[in-house]
Amino acid sequence: MREEEKKRTSQNTKFQQFFRKRWVFPAIYLMSAAVILTAVLWYQNISNDVAEDLKNQQNEQGESAMKDPEAVEVNSAVENFKMPALDPDAVNVVKKFYDPNATAEEQEAALVSYENSYRMNKGIDLAREDQKEFDVVASLSGTVTKAEKDPILGYVVEIDHENDLTTVYQSLSAATVKAGDKVEQSQPIGKAGKSLYNEEDGVHVHFEIRQDGVALNPLTFMDKPVTSINEATQENAEEEATEEETTDEATEEDATEEESSTEKESTTEEETDKDSDSTEDAPESKDEEAETEGSEQSNEPEASNQTLNS
């Protein structure tokens, strides 16, 4: 027991003697300070690297957005075409769009009589049964590019939308918007009225949908999303491409048939020329034969006369 106590006391005295030295505590402080400083510098380097990575990602996203001008917001809502009337149930379509594929009766009903001539209706005409005025609203959200009075068409309002799409509102008695205004869907833009161009429909609004300046049938796209126009345009382009391919194939077939027919005609002409040449040579040979026969016959009497004289 005494030996163990001596060992413990000796160890304690050694530790006490070690810590009593002057250089021990300053060395411990310096080591701890070095460790803390190293940790701080390491943390700063990591934070700087993370910040640089974030900046690089943001710059890459910004460059990709600049390179892709047709990028569309994911959360942006796609609007559906709406009737250009504040109360769509109170109006009726009194004149439809002139469709070249419609029946003769429907095409006749879609003609507008003006100055002793008939013209195709490029939109639809909406009116009330009681021929009263009604509020005309924007079918889609967009920017007003035209709002002025025309002496023949009445007040005309044109609104531009995305993807070269335009909606036109004619035969208005008044316009409550001006060029440059931003309008929302179903926002009132004027009042239905009369026009000299289409006096037959009375108080009405003439509504058109134009894609790249080409008038489309509004009833085809009513209550449908705006993207349906692009889909229909792509389908029409594909149909036109297929029609062009078929016409090209047909023209190629016609060309090959014409070439074959010309070759046949050339061969028949050559054969007829050969036949005519052979027929011309035949009389000459017959004449030669006749001459030879005549000479032989003339020689035979001379021979007989010579025998008689002898």
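The values are calculated or read from the model by the stated rules, or taken from the named source; none is laboratory data. Remember, it's a predicted structure, so these values are computed and weren't measured experimentally. Virtual Cβ from ideal backbone geometry, glycine too; neighbours counted across all protein chains shown.
None of ALA147, ALA192, ALA174 is out of contact with any helix residue (DSSP H, G or I) (no Cβ under 9 Å at 6 or more places or on another chain), without any contact (Cβ under 8 Å) to a residue 24 or more places away in the chain and part of a strand (DSSP E or B) except ALA174.
Here is a yes/no grid of residues against (1) more than 29 Å from the chain's Cα centre (by Cα); (2) outside any strand (DSSP E or B); (3) buried (at least 18 other Cβ atoms within 10 Å of the Cβ):
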| residue | (1), (2), (3) |
| --- | --- |
| PRO84 | no, yes, yes |
| ASP89 | yes, yes, no |
| VAL93 | yes, no, no |
| ALA102 | no, yes, no |
| SER113 | yes, no, no |
| LYS122 | no, yes, yes |
| ASP125 | no, no, yes |
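Among the residues of region 140-160, the one identified as under 19 Å from LYS224 (Cα atoms), surrounded by fewer than 18 Cβ atoms within 10 Å (Cβ to Cβ) and not charged (D, E, K, R) is SER141. On the basis of being touching an Asp or Glu at 6+ places or on another chain (Cβ under 6 Å), closer than 23 Å to THR220 by Cβ and buried (at least 19 other Cβ atoms within 10 Å of the Cβ), does ASP164 make the cut? For ASP164, the condition - touching an Asp or Glu at 6+ places or on another chain (Cβ under 6 Å), closer than 23 Å to THR220 by Cβ and buried (at least 19 other Cβ atoms within 10 Å of the Cβ) - is not met.
Quick grid of which residues meet (1) modelled with pLDDT of 90 or more; (2) more than 30 Å from ILE229 (Cα to Cα); (3) in the same structural domain as ILE189 (by TED's automatic domain parsing):
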position: GLN16; (1), (2), (3): no, yes, no
position: VAL24; (1), (2), (3): no, yes, no
position: ALA33; (1), (2), (3): no, yes, no
position: GLN58; (1), (2), (3): no, yes, no
position: GLU79; (1), (2), (3): yes, no, no
position: LYS95; (1), (2), (3): yes, no, yes
position: LEU111; (1), (2), (3): yes, no, yes
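Can you tell me which residue in region 195-215 is nearest to GLU158 (Cα to Cα), limited to those that are part of a strand (DSSP E or B) and touching an Asp or Glu at 6+ places or on another chain (Cβ under 8 Å)?
PHE207
For ILE189, the conditions (1) out of contact with any Gly (no Cβ under 7 Å at 6 or more places or on another chain); (2) surrounded by fewer than 19 Cβ atoms within 10 Å (Cβ to Cβ); (3) closer than 22 Å to ASN92 by Cα all hold with the exception of (2). Every listed requirement among (1) part of a helix (DSSP H, G or I); (2) modelled with pLDDT under 75; (3) under 60 Å from the mean Cα position of the chain (by Cα) is met by ASN12 save one, (3).
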